[in-house]
Amino acid sequence: MKNDSAVALDALLARAADALRKAKRVCVLTGAGISAESGIPTFRDALTGLWANFNPEDLATPEAFERDPKFVWDWYEFRRELIRQAEPNPGHFALAELAGRVPRFTLVTQNVDGLHQRAGSKGVLEYHGNILRDRCCVEQVIAERSEDSRHGLPRCAACGGLLRPDVVWFGEAIPPGPMLAAAAAAESCDVFLSIGTSSLVYPAASLAESALRAGATVIEVNPDRTDLSPAADVVLGGPSGLLLPRLLDALS
Ligand code: BV8
Ligand code: ZN
């Protein structure tokens, strides 16, 4: 005999699946929560090791890099290693499959880990960049590392300039391509899925707001309540690695 919360969840999954079944255009925004079940700590999770007393919002800034590029680079190398050892989880794979089930599907991620692409998602809009790419601070282009990068800070093979991870730091602009494409998808979607994000970082958090203004059905997947929860049409309260495959099942 299913308990009440299980029955309630089934009803919510059925409502979400119904909205998706009718949708022509679907826009999805993901955050760190979708990669939590792959063993990658979220931004809310306290930092560990050398960075334990630091707030990510203080480390992921041009000022911190200016002040101590080695310290910031060590943090990024630490995160890169975690990401290299990680595997996409059923939440990532469910979104890759959902893309083939709806006419128009746009996946926007705040995550810099590349796990959506490794799960087979195509055309992912990397709203905050990708941690596994190096960018030259002088030429502002994706760059290869020079031989002598081994002893200390990574240098650009083309101009010898300092390299930085190709991510968007706090206080920096979102890359125009992903920003414009994401805004267009959010404003024109029938269903907006907000998955594994605390909806606290802007302008990413404004995408759900513009979808709401455009009259879209907003579905949130998160074990915790967020600032978006009161405005969402359907809140699926639980881990995305569990609930997204169940949403796909409810869709078929
Ligand atoms: C800019 C890349 C201006 C780097 C990142 C308006 C109001 C207030 C502040 C601002 C505002 N506008 C701008 C700001 C400032 C700032 C901002 O938003 N600050 C916040 C802290 C208040 N925004 C900026 O600085 C942006 N730039 O505004 O530039 C400008 C404009 C033009 C020209 C020049 C300049 C840039 C922001 C991007 C920063 N870079 N990442 C890196 O990764 O190192 S942000 C980074 O943090 C992530 O990418 C992500 O966006 C954010 C973390 O949020 P989430 O992903 O949601 O993760 P979080 O840990 O918070 O939450 C996890 C959630 O998952 C939780 O809800 C949890 O319950 C849930 N969960 C846990 N387990 C699971 C789960 N869900 C599902 N399943 C599970 N198993
Ligand atoms: Zn260079």
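At a glance:
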{"quantity": "Kirkwood Rh in Å, taken over segment 1-109 so that all alpha-carbon pairs contribute", "calculated": "17.2"}
{"quantity": "Percentage relative contact order, the chain, counting C-alpha pairs under 8 Å, at least six apart", "calculated": "25"}
{"quantity": "Carbon plus sulfur fraction of accessible area for the chain, probe 1.4 Å, in percent", "calculated": "56"}
{"quantity": "For segment 81-179: span of alpha carbons on each principal axis (Å, largest first)", "calculated": "47, 30, 22"}
{"quantity": "Heavy-atom accessible area ranking, 1.4 Å probe, most first, across Phe105, Phe43, Phe65", "calculated": "Phe43, Phe105, Phe65"}
{"quantity": "Label-zone membership for segment 60-101, site Phe170, 7 angstrom Cα→C-beta point, backbone N under 12 Å", "calculated": "60-64"}
{"quantity": "Given charges at beta-carbon only (K, R positive; D, E negative), |dipole| of segment 1-117 in Debye", "calculated": "840"}
{"quantity": "Nitroxide proxy distance, nm - points 7 Å out along Cα→Cβ at Leu82 and Arg101", "calculated": "3.0"}
{"quantity": "Net charge of neighbours whose Cβ lies under 15 Å from the Cβ of Gly91, counting Lys and Arg as +1 and Asp and Glu as -1", "calculated": "-4"}
{"quantity": "Mean projected area in nm² (Cα convex hull; one quarter of hull surface) for segment 147-252", "calculated": "10.2"}
{"quantity": "Potential extension, Glu147-Asn53 segment - 0.36 nm per residue separation minus Cα distance", "calculated": "30.5 nm"}
{"quantity": "Residue order for Asp45, Asp134 - accessible surface, 1.4 angstrom probe, largest first", "calculated": "Asp45, Asp134"}
{"quantity": "Extension gain, Ala184 back to Lys70 (0.36 nm per residue minus Cα-Cα distance, nm)", "calculated": "37.2 nm"}
{"quantity": "Solvent accessible area, Å² - Cys137, 1.4 Å probe, full protein context", "calculated": "50"}
{"quantity": "Accessible area in square angstrom per residue, segment 37-109, 1.4 angstrom probe", "calculated": "54"}
{"quantity": "Given 13 as the ceiling on other Cβ atoms within 10 Å, longest exposed-site-free region of the chain for GluC sites (Glu not before Pro) in DSSP loops", "calculated": "1-138"}
{"quantity": "Gain on full stretching of the segment that runs from Asp227 to Arg25 - 0.36 nm per residue minus C-alpha separation", "calculated": "70.3 nm"}
{"quantity": "Solution diffusion estimate, µm²/s, Stokes-Einstein, the chain, Kirkwood Rh from C-alpha pairs, 4 °C, viscosity 1.567 mPa s", "calculated": "68"}
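The values are calculated or read from the model by the stated rules, or taken from the named source; none is laboratory data. Keep in mind that this is a model prediction, so the values were computed, not measured. Reconstructed Cβ throughout: ideal geometry from the backbone, glycine too, with neighbour counts over all protein chains shown. Areas reflect the complete protein model, heavy atoms only, side chains present, ligands, DNA and RNA absent. Shrake-Rupley method; radii C 1.70, N 1.55, O 1.52, S 1.80 Å.
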